[in-house]
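In what follows, a single structure is set out as structure tokens and then discussed.
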Amino acid sequence: MSHMLRFDPVAVEAETGAPAPDRLISGTPEFRTWNLEEAPGGLYAGVWESTPGKWRIVYDEWEYFHILSGYSIVTEEGCEAVHLRPGDRMVLRPGFKGTWEVVETTRKDYVIRL
């Protein structure tokens, strides 16, 4: 077994999804997720993509992500909006509540710890 993993979404089939109907604010966003790593202890890594739309998000987990393409706006309740474009990186911590708006189809790579 190798202790390396190439971060390549071509290596796995994408899972599809969408925001829960009670969280949807606007649009009809569709998600594709390529889970590349699921490690013991609740650690996940992969690539996520969404088409345009806006929905409410609530985080119980910790997530680091890096925007690969597109344009999104993340807004924490009571805070200013953060505009995300290719090259931007962010950490969302447990307890985060706000909205995610995909303005242009957005792709990010991520690492999540439950």
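The values are calculated or read from the model by the stated rules, or taken from the named source; none is laboratory data. Predicted, not measured: the structure shown is a model, and the values here were computed from it. Heads up, the Cβs are rebuilt from the backbone with ideal geometry, glycines too, and the neighbour counts pull from every protein chain shown. We work out accessible area using only protein heavy atoms, side chains counted, and drop any ligands, DNA or RNA first. Shrake-Rupley method; radii C 1.70, N 1.55, O 1.52, S 1.80 Å.
Could you say whether any residue in the range 66-73 is under 30 Å from residue 3 (Cβ atoms), assigned to a strand (DSSP E or B), open to solvent by 20 Å² or more (accessible area, probe 1.4 Å) and in contact (Cβ under 8 Å) with a residue 60 or more places away in the chain?
No.
Just to verify a result, which residue in the range 1-57, among those that are under 20 Å from residue 69 (Cα atoms) and among the basic types (Lys, Arg), is farthest from the chain's Cα centre (by Cα)?
Per the criteria, the residue is 6.
Which residues, counting only those in the range 74-88, are of a type in the set (Gly, Ala, Ser) and assigned to a strand (DSSP E or B)?
Within the range 74-88, just 81 meets the criteria.
Looking only at the range 89-114, which residues are charged (D, E, K, R), over 16 Å from residue 46 (Cα atoms) and surrounded by 16 or more Cβ atoms within 10 Å (Cβ to Cβ)?
The answer is 101, and nothing else.
Could you please give the count of residues in the range 85-107 that are touching a residue at least 24 places away in the same chain (Cβ under 8 Å) and more than 14 Å from residue 29 (Cβ to Cβ)?
Residues that pass the stated criteria total 10.
Any residue that is farther than 25 Å from residue 9 by Cα, touching a residue at least 40 places away in the same chain (Cβ under 8 Å) and not aliphatic (A, V, I, L, M) - is there at least one of those in the range 28-44?
No, the range 28-44 contains no residue that is farther than 25 Å from residue 9 by Cα, touching a residue at least 40 places away in the same chain (Cβ under 8 Å) and not aliphatic (A, V, I, L, M).
For the range 1-27, what are the residues that are in a loop (DSSP other than H, G, I, E, B) and within 14 Å of residue 57 (Cβ to Cβ)?
Correct list: 18, 19, 20, 22, 23.
Considering only residues that are hydroxyl-bearing (Ser, Thr, Tyr) and buried (at least 17 other Cβ atoms within 10 Å of the Cβ), which ones fall in the range 1-53?
33, 44, 50
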